[in-house]
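The block underneath contains the structure these notes are about, expressed in structure tokens.
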Amino acid sequence: MKNISKINLKTSKLLYVPVLVFVMLASSCEKNIDLQPFNQVSETAAFQTPALVALSVTGMYEAAQIGYYANPVTPAYRGYPFGAAFVEQGDNRGEDVVNTATFYQLTYTATYSTSSANNVNYWKDSYRLINRCNIVIDGVKTAAAAKVITDAQAAIYAGEAKLLRAMTYHELLVHFARPYKDTPGATHLGVPYFDLPFTTAAAIAAGFATGRSTVADVYTKILADLDYAEANLPLKAAMTGNAKITRATKGAAVAEKTRIYLHMWNMDKVIEEGTKFITGSLAGTYSLTADPSGPWANPYGNTESIFGMENSATQNPGTNAALAAMYSPTSIGGRGLVTMSPIVWRLPTWLVDDKRRSANMITFSSNVVYTSKYKDPVNKTDPSPMIRYAEVILNMAEAYARKGDVTNGLTYLNMIRNRALATPATQAYTASTFATNVAMLGAILDERRIELVMEGRRWPDISRLQQCPYYPINGIPAKIANGAPAGSLFTLGTPYTGALGTPAIPYSDFRFLWPIPQDEINANPTLAKQQNPGW
């Protein structure tokens, strides 16, 4: 990969490990301080003490949260891949938000290129994170062999790294590769897969020659990482404070497996993994909050959030990667760059008195709907929500419905929907509501859009539903025109049938996929022959 050359290899024994002294510095000071003495540690030293090992693991999370944005004037941070970018990009590739300005316009209108910043830096920072994970996996093994840390602690650290690595590879797949069912056996091209650290010139040279693995192969390795993480990570109960949500746990690994198996169309395995939360090894560990606003009212201390990236007033990717800053209207201190779309706001299955339309969840500005899931545009302390228990429940509901089990499908669907209803006794779905399991499936897919709106999950669903036999999505759906939407478009009472100024893009169109960055193509002759067709 081209960006592994960012590792400053003064000698073959030097590797890039962020020591994160700057965690304690205000972001406004970072650009004025030369961090070079603090962000390099020799390979022989980086894993020689328990404190340095722990710091290297913290640096891995830093890579997931902050990201690097190649600003032509001065380096900046935009939250690739998990600080905020995966939410913002996942939303803006779909139709359930409206981009109000030019900030996400290339993503929103699918007018990106091999050199446009968002998709290029998504790729680069994802592989930077993967390399950090590989460095940690290799380093803690060495540290354990040298008795610097215990084998048990090394396994936990490796589990954290493998969970992040698995989640990163999956994000790369949903943006840069066609979905699992595109070919029988998923034999089509995925993304380049690396599981060794780039800490030597020889390793970097090998990286430059590596091509894309198949989608099936990458998914197999993702699942191996998640199985390891589940086996070796601690339960949430073993963690304290914010770490219950912001550090990897068994629950996070299992939750991610329900997501992965859903993308692989393996419904039996979705149910098998999800059942661990109900009656298995994770029973009682997580629960839905009584009100749908619960995860957002107490984002670091609720019972529903499973995994998310921590942000604080002094440690965040900056305004342009803070979810509250970008998604909140200017009237409350945000930039108002992304609104909810009338397309989802006016879904008939989203009842008018649903609690997810309340002031706890929604902010109106000039009659335009903004999410209030992210509440701190000033200090930017909102975590980035990587996965919630609500999604696990919806994954199970969908899996049961697709298997024809309407009893369990209804149970899990209503677990999510009923807590948001004004009067569940009269408004809840019943067995007589749906004529078939297929009709129920349609309600579940609507519920996903309502419950997970503005959490970055729309594009992954659009990607995997291309081959849905009942509710297929052909490519990228048409959207409200890029630009500030009129407040009149949000009037409830009927589904939205108005103008769609951003046209649909068919699945067969090359723009359905992001291109591999041009500088990667230039550096790697193998990848040059494997660019996504049309780019």
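Just a few scattered comments:
- Note on ALA499 and ALA231: with the Förster distance fixed at 56 Å, the Cβ-Cβ geometry gives a FRET efficiency of about 0.60.
- Amide hydrogen neighbours beyond the local backbone of ILE362, cut-off 5 Å, H modeled: SER372
- Once the Cα-Cα distance is subtracted from the 0.36 nm per residue extended length, the ALA478 to SER115 segment shows a gain of 128.3 nm.
- Extension reserve of the GLN153-ASN360 stretch, reckoned as 0.36 nm per residue once the Cα distance is removed: 70.5 nm
- Screening the chain for whole DSSP H helices with an alpha carbon extent of at least 27 angstrom along the helix axis and a mean Kyte-Doolittle hydropathy of at least -0.5 yields 117-145, 151-176.
- Reduced Cα scattering model of the range 319-506, Debye log10 I(q)/I(0), q = 0.10, 0.11, 0.16 Å⁻¹: -0.44, -0.53, -1.13
- Working note: 222 nm ellipticity from helices only, DSSP H runs with n ≥ 4, each -39,500 (n - 2.57), summed and divided by the residues of the chain, gives -12500 deg cm²/dmol to the nearest 500.
- Among the listed pairs LYS181/LYS529; LYS221/LYS276; LYS373/LYS403; LYS479/LYS529, a Cα-Cα separation exceeding 31 Å is found for LYS373/LYS403; LYS479/LYS529.
- Taking amide H atoms as placed 1.01 Å from N in the peptide plane, the amide H of ARG346 lies under 5 Å from those of TYR496, each 5 or more residues away in sequence or on another chain.
- ALA205/THR426 FRET efficiency (R0 56 Å; Cβ-Cβ; nearest 0.05): 0.25
- Compared with the direct C-alpha span, the chain from THR433 to ASN367 gains 20.5 nm at full extension, assuming 0.36 nm per residue.
- Dipole magnitude (debye, nearest 20) for the chain, charges at Cβ of Lys, Arg, Asp, Glu: 300 debye
- Base-10 log of normalised Debye intensity for the range 271-345 (one unit scatterer per alpha-carbon) at q = 0.13, 0.17, 0.21 Å⁻¹: -0.62, -0.89, -1.05
- From the C-alpha gyration tensor of the chain, square roots of 5λ in Å: 36, 26, 24
- The range 308-385 and the range 422-461 have Cα centres lying 22 Å from one another.
- Efficiency of FRET between ALA54 and TYR471 - r from beta-carbon atoms, R0 56 angstrom, step 0.05: 0.75
- The trypsin sites (Lys or Arg not before Pro) of the range 128-234 that DSSP puts in a loop, and whose beta carbon has at most 14 other beta carbons within 10 Å, are LYS147.
- Using C-alpha pairs below 8 Å separated by at least 6 residues, the relative contact order for the chain is 19 percent.
- In plain terms, the residue of ASP125, ASP509 with the fewest other Cβ atoms within 10 Å comes first and the most crowded comes last, giving ASP509, ASP125.
- Taking amide H as placed 1.01 Å from N in the peptide plane, CYS468 has its amide H under 5 Å from the amide H of ILE473, each at least 5 places away in sequence or on another chain.
Coordinate-derived values only; no laboratory data. Not measured: the values here are computed from a predicted model. Here Cβ is always computed from backbone atoms with ideal geometry, including for glycine, and neighbour counts include all displayed protein chains.
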